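Just so it is clear, none of the values below were taken in a lab; they were calculated from the coordinates. Predicted model, so just to flag it, every value in this text is computed and none were measured. FYI the Cβ positions are ideal-geometry reconstructions off the backbone, even for glycines, and counts take in every protein chain you see.
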Amino acid sequence: MTRVTVFNENYHEVIRPEVRKIYNKGIHGTIAEFLQCDDTEVKTVTLYDDNGKMHPDCGITNALLQDTDVIIWWGHCHHEKVSDEVVDMIHNNILCGMGAIFLHSAHHSKLFKKLMGTTCNLNWRDGEKERLWNINPSHPIMQGIGDYIDIPEEEMYGERFQIPKPDDILMLGTYSSHEVFRSACVWQRVYGKIFYFQPGHETYPIYHMEEIQRIIKNAVNWAKPLYRERELICPDFPKIEL
Ligand code: ZN
């Protein structure tokens, strides 16, 4: 059984009817729905509840994280409202082995920037056609994906993406405006596997696309821990005598 926790800011869904129309259960609800199956159990947590009330701890506890194999993060314009204590707690669980998937504008979340140690800035502009090229077909996350995926309308995220060099790049995004972007990248931090995946602006129905869902499902399988520590320590290690 793989245990997934999906975090969503849930802000646009509450204040913008056009977003609620595309994601009537919220982006977190849509992601949970396509991931949920016999061997995957999904929980969701949000920064805003459906009445627009903000919860800085997002309902995230250390007990929840200890029971989570992979956390998925979607946030956009209220990254700063997530409490530092929660960010530190998740960061620590990732270093211990919990997997993490960052979607679209989560590139600017406190958590992603803390893991990367850089600004994670990029160039952006709303409303472009995107073609995502599969440049790493042998990677586990790319299984079942063809040469490319066309997204009719997406927010343009372009280089230069101010991230540390990824351990691997899986997809390159190209746009009708000729910009390019490293749209699917992986890293490891101590024992935790991390995947950043660019598609998913809130005003386009991108998480309803089968191929995008397939990539996120594959990423959950890839990121779930094969090894996990309860805490990271720096022991005075006794000498082993022969
Ligand atoms: Zn966006």
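Quick notes
- Pairs with Cβ under 9 Å, 6+ apart, first in region 145-167 and more than 24 Å from Lys217 (Cβ to Cβ), second of a type in the set (Asp, Glu) and within 16 Å of the ligand (Cβ to nearest atom): Met156/Asp126; Met156/Glu128; Met156/Glu130; Met156/Glu179; Gly158/Glu179; Glu159/Glu179
- Checked against the criterion of being more than 23 Å from Tyr11 (Cα to Cα) and in contact with a strand residue (DSSP E or B) (Cβ under 6 Å, 6 or more places away or on another chain), the candidates Thr68, Thr46 yield just one match: Thr68.
- Of the residues Lys113, Lys43, Lys81, Lys21, the single one that is touching a Ser or Thr at 6+ places or on another chain (Cβ under 8 Å) and either surrounded by 20 or more Cβ atoms within 10 Å (Cβ to Cβ) or closer than 24 Å to Asp126 by Cβ (or both) is Lys113.
- A residue that is within 15 Å of the chain's Cα centre (by Cα) and not aromatic (Phe, Trp, Tyr) can be found somewhere in region 205-212.
- Residue list for region 48-77, filter: free of Cβ contacts under 8 Å to residues at least 24 places away in the same chain and not in a loop (DSSP other than H, G, I, E, B): Ala63
- Residue check for Val186: over 18 Å from Ser105 (Cα atoms) and touching a residue at least 40 places away in the same chain (Cβ under 8 Å): no
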